[in-house]
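Taking it in order: structure first as structure tokens, then the write-up.
The values are calculated or read from the model by the stated rules, or taken from the named source; none is laboratory data. Not measured: the values here are computed from a predicted model. Every residue, glycine among them, receives a Cβ derived from its backbone with ideal geometry; neighbour counts consider all protein chains shown.
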Amino acid sequence: MKVVIYRLGDSQYATPVEKIQSIERMLPIRPVPGAASHILGVANLRGSVIAVSDLRALLHIEEQELTAESRLLISEGNGYVVDEALDIADCALDAWEVVGEQRVWQREDQLIVWEELGANG
């Protein structure tokens, strides 16, 4: 299977490539009053309005400023802010191990955490 690998802080995460419609540079985000705390707002992606979520907040990772490497992963019509998109890699499904409540993959010297995005994630 193919996965998109991305960074949040010092950790790396992976999502199946079929769950990701595109990887985009950051777009202007307009806040939405009363939205959930993980919702940064909405953005215009090629004429479509998408909700933009802070993946750090969803995963309970310390907040950090956006940088030139920050990207939006677009999944099921929603945008998820990540610190950096790193790679698209092949990985055998049986390479993933369950540790506690997480699925992880030891790729060379890096431990990568499985993260489903979208409505089913």
Original post:
Does the range 32-41 hold any residues that are closer than 25 Å to G9 by Cβ and either of a type in the set (A, V, I, L, M, F, W, C) or at pLDDT 95 or above (or both), and which are they?
Top reply: A35, A36, I39, L40, G41
Original post:
Which one of the conditions (1) under 13 Å from the mean Cα position of the chain (by Cα); (2) part of a loop (DSSP other than H, G, I, E, B) does V113 fail to meet, given that it meets all the rest?
Top reply: (2)
Original post:
Out of all the residues in the range 28-56, which are surrounded by 12 or more Cβ atoms within 10 Å (Cβ to Cβ), among the small types (G, A, S) and more than 11 Å from the chain's Cα centre (by Cα)?
Top reply: A35, G41, A43, A51
Original post:
Given the residues I61, I5, which is the only one that is part of a loop (DSSP other than H, G, I, E, B), of a type outside the set (S, T, Y) and closer than 16 Å to V113 by Cβ?
Top reply: I61
Original post:
Looking at the range 17-50, which of its residues are free of Cβ contacts under 8 Å to residues at least 40 places away in the same chain and either aromatic (F, W, Y) or closer than 30 Å to W96 by Cα (or both)?
Top reply: E18, H38, I39
Original post:
Quick one: how many residues across the range 12-42 are within 16 Å of A89 (Cβ to Cβ) and in a strand (DSSP E or B)?
Top reply: 6
Original post:
Tell me, which residue of the range 69-100 that is out of contact with any Leu (no Cβ under 7 Å at 6 or more places or on another chain) and assigned to a loop (DSSP other than H, G, I, E, B) is surrounded by the fewest Cβ atoms within 10 Å (Cβ to Cβ)?
Top reply: G100
Subject >> Every residue from the range 43-58 that is under 19 Å from I20 (Cβ atoms) and in a loop (DSSP other than H, G, I, E, B) >> reply: R46
